[in-house]
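The values are calculated or read from the model by the stated rules, or taken from the named source; none is laboratory data. From a predicted model like this one, the values you see are computed outputs, not experimental measurements. Positions of Cβ are backbone-derived with ideal geometry, glycine not excepted, and every protein chain shown enters the neighbour counts.
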Amino acid sequence: MRNLFQSSIVSLAGALVVSCFAFAQSSPKPNFGGPEDLKEKLGDTGPGGPAPRRDLTGFWAGRVAAKLNPVPAMTPWGQEQFRLHKSNGQYPVADSNDPIKGCDPLGFPRNILFMTRGIVFTTMPGKMIEMSEYNRIWREIWTDGRELPKNVGGRSADAPDPRWYGYSIGHWEGDYTFVVNTVGSDERTWLDNAGHPHSIDLRVEERYTRVNHNQLEVTVKIDDPKTYTEPFVITKSSFTWIPEQDFEEELCVPSEQAEYLKLIGEPAAHSKNK
Amino acid sequence: MLLMFLTFLGVLPAASVPAFAHHGSASYKTDKVVVMKQATVTKFLWANPHTMLLFDVKDDKGNISHWAGEAGSPAAVRLLGWNKNSLQPGDVITVHLYPSKFESHVGRLDKIVLADGTTLKDSPRGDQGVISRY
């Protein structure tokens, strides 16, 4: 009892000391004042109606990050790569080695799993173009009937180089589902924010289904036998038509990111900066 | 010292834990919010990928401590009512933030209350609920 009394006095004294300063402790209620994503803010406010035939053209709002399914068991090679990746979820940003720490490209397929607040589809002769609000990047998805390149990253002189955003071809299945197949993603890119790896053997299938005018659903399937013991669907996510057909500029600016690391990232992780 | 104060007061469990977009939450105590009243803005950076706020807090002895807080990207917090001119040097505000685990004067903003009572909330709802992955 005496100990309890003493500790109570100490706690009360501590509280009084705190009240002398400008600090106070509030009940921690993560305060979500509204939607971070335009998708949530929009609800279903587009023009509505049925989906147009074989047409994804337009600006679409998604969530900042797709909800991901667990990855299957990794191969020994995959486990070793994963061990080397220090994600922002596990390490302070200053200590992580996530490629985006220095504003390196997200690469494919991470760019369709994360920072997906806004995407755009448009067409050019022989190809579909998919663009991202984040970093204003694009992918060309060939629809002219060509095959995917073989032996990407191989040693032969004619072997294509790996790319941050891979090589993609697409075709329509019926009038409302556009299927994209991709190979050749650079191994330096991560699959997701947790740091799950992929190899140059990665093959990705995206299936974009336009449910109606305002709603677009996508399923992303991962097949990388060098890294994972079985193929898997990593996400099923959705996008909403943006009535204004415009969105914010969102970039990772290297100079501003360097400032961020100096002012926030480093001191948040290490030292007391008074 | 601040950690000692928090220990005195105890910590209530959070109803849910925020997941911060882009750079994660590993640096921060996501189960508590520190409130600093009469904070004076020294710099506001409308920057990508994170907006940043620098501010000073003075104790009753006149000692000033310098703080830095990060928030979501301009594209994210704009949806919550912020803009490039929301905060100016000299503004006196109340800051609610998730503090660093390492006792440095840095944190992830929860919200800011301006002198006129306007509340600017941050956008910590990054991954829709799977914090271990982000």
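Here are the numbers for the structure shown:
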item: Filter result (of a type in the set (A, V, I, L, M), surrounded by fewer than 22 Cβ atoms within 10 Å (Cβ to Cβ), in contact with a strand residue (DSSP E or B) (Cβ under 9 Å, 6 or more places away or on another chain) and under 23 Å from residue A:37 (Cβ atoms)) within region B:51-86; result: B:52, B:80
item: Complete set of residues in region A:69-89 that are within 14 Å of chain B (Cβ to nearest Cβ) and touching a residue at least 12 places away in the same chain (Cβ under 8 Å); result: A:69, A:71, A:82, A:85, A:86, A:87, A:88, A:89
item: Condition met for residue B:54 (in contact with a Lys or Arg (Cβ under 6 Å, 6 or more places away or on another chain) and either more than 7 Å from chain A (Cβ to nearest Cβ) or outside any loop (DSSP other than H, G, I, E, B) (or both)); result: yes
item: Residue in region A:80-102 that is modelled with pLDDT of 95 or more, among the hydrophobic types (A, V, I, L, M, F, W, C) and in a helix (DSSP H, G or I) present; result: yes
item: Where residue B:97 falls short, out of the listed (1) closer than 19 Å to residue A:266 by Cα; (2) within 10 Å of another protein chain (Cβ to nearest Cβ); result: (2)
item: The one condition in (1) part of a loop (DSSP other than H, G, I, E, B); (2) within 14 Å of another protein chain (Cβ to nearest Cβ); (3) of a type in the set (A, V, I, L, M, F, W, C) that residue A:264 fails to fulfil; result: (1)
item: In region A:235-274, the residues that are in contact (Cβ under 8 Å) with a residue 12 or more places away in the chain, within 27 Å of residue A:39 (Cα to Cα) and in contact with a Pro (Cβ under 9 Å, 6 or more places away or on another chain); result: A:241, A:243, A:248, A:249, A:250, A:251, A:252, A:253, A:257
item: Criterion violated by residue B:77 - all others in (1) at the interface with another protein chain (Cβ under 7 Å from one of its Cβ atoms); (2) modelled with pLDDT under 90 satisfied; result: (1)
item: All positions within region B:29-47 that are in contact (Cβ under 8 Å) with a residue 24 or more places away in the chain, over 20 Å from residue A:269 (Cα atoms) and not small (Gly, Ala, Ser); result: B:35, B:36, B:37, B:38, B:40, B:41, B:42, B:43, B:44, B:46
